[in-house]
Amino acid sequence: MQLITGCNGQLGRELVARLPDAIAVDRDALDITDAVAVRDFVRKNNIDVIINCAAYTAVDAAEDDVDLATKINVDGVRNLAQTGAKIIHISTDYVFDGTGHRPYAPDDETNPVSVYGRTKRAGELAAIENADVAVVIRTAWLYSAHGNNFVKTMRRLGAEKGSINVVADQIGSPTFAGDLADAIVKIIPQMTRENSGIYHFTNEGVCSWYDFACEIMEMSGLGCRVNPIKSHQYPTRAVRPFYSVLDKDKIKSVFGVEIEHWKKGLEKCIKQF
């Protein structure tokens, strides 16, 4: 039996649609920070694979809420990993400092520069060190038709305003949650102790947030003008990586995952609205 945690999030909802027989829980149904509750739930329901989509993802709020971010992103992952089930754990590009100029490989040195990034890196280690079989998947710039994300924000602002300013000096690869969910479904039956480890998944291609916003307006048929600005003109509480491109060769070669260009992913998402 499979367990999906964080089932109401962007990725969780896409997985629930693809794995209808899985048990799907949110924080009300299972508090992953409660080790006893997690152990009993997994045992009672004969869970053999956990897909952990639960996370504290409020990047700026985490700077002032270290304890809660740690409980969810580190302690919660450890609790899940110690149940004896195989685990797929979702992580982030924020484990890197973003000062690189080539795609980050899974084994590149990490250097998180925010509380969110540090807790997610600690969560990766908690999964790998405590589960017999653990696949950690780092992703970036995730969006879907559900929840709060950049695509939905741009579509809302594009309908309300004649022009908006968007950061143009942060580079990455937008990732449609549906495409990541498809990859996870393909990986689950292939998981072994030998291929446990860290992998990267984003859609193919590279762009700035400004480029991404322009494409969202174009595909959505919105006439809103997008103006490029520098990061310092849009200050945030937490530092964002300037370069978030991830090398995906490992996930493609080990699990046979095929990855589409980010514009294809965006097309699929826009059709869902």
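Does at least one position in region 215-238 carry a residue that is under 14 Å from PRO174 (Cα atoms) and either open to solvent by less than 20 Å² (accessible area, probe 1.4 Å) or among the acidic types (Asp, Glu) (or both)? Taking every residue of region 215-238 in turn, at least one turns out to be under 14 Å from PRO174 (Cα atoms) and either open to solvent by less than 20 Å² (accessible area, probe 1.4 Å) or among the acidic types (Asp, Glu) (or both). Among the candidates PHE176, PHE212, the residue that is open to solvent by less than 10 Å² (accessible area, probe 1.4 Å), in contact (Cβ under 8 Å) with a residue 24 or more places away in the chain and more than 30 Å from ILE50 (Cβ to Cβ) is uniquely PHE212. When ILE72, ILE47 are checked against the criterion of being closer than 27 Å to LEU19 by Cβ, out of contact with any helix residue (DSSP H, G or I) (no Cβ under 7 Å at 6 or more places or on another chain), open to solvent by 20 Å² or more (accessible area, probe 1.4 Å) and among the hydrophobic types (A, V, I, L, M, F, W, C), ILE72 stands alone in meeting it. Checking each residue in region 128-173 for being among the aliphatic types (A, V, I, L, M), open to solvent by less than 50 Å² (accessible area, probe 1.4 Å) and over 20 Å from PHE96 (Cα atoms) picks out ALA131, VAL133, ALA134, ALA145, VAL151, MET154, LEU157, ILE164, VAL166. Can you say whether ALA145 is in contact (Cβ under 8 Å) with a residue 24 or more places away in the chain, of a type in the set (Gly, Ala, Ser), within 20 Å of ILE259 (Cα to Cα) and not in a helix (DSSP H, G or I), as far as the supplied structure shows? Here the answer is yes, as ALA145 does meet what is asked. Would you mind stating whether ILE51 is assigned to a strand (DSSP E or B) and either in contact with a strand residue (DSSP E or B) (Cβ under 7 Å, 6 or more places away or on another chain) or over 15 Å from ALA131 (Cβ atoms) (or both)? Criteria met by ILE51.
The values are calculated or read from the model by the stated rules, or taken from the named source; none is laboratory data. What you see is a predicted model, and the numbers here were worked out from it, not measured in a lab. Virtual Cβ from ideal backbone geometry, glycine too; neighbours counted across all protein chains shown. The protein model used for the area step is the full one, side chains on, heavy atoms only, and it has no ligands, DNA or RNA in it. Shrake-Rupley method; radii C 1.70, N 1.55, O 1.52, S 1.80 Å.
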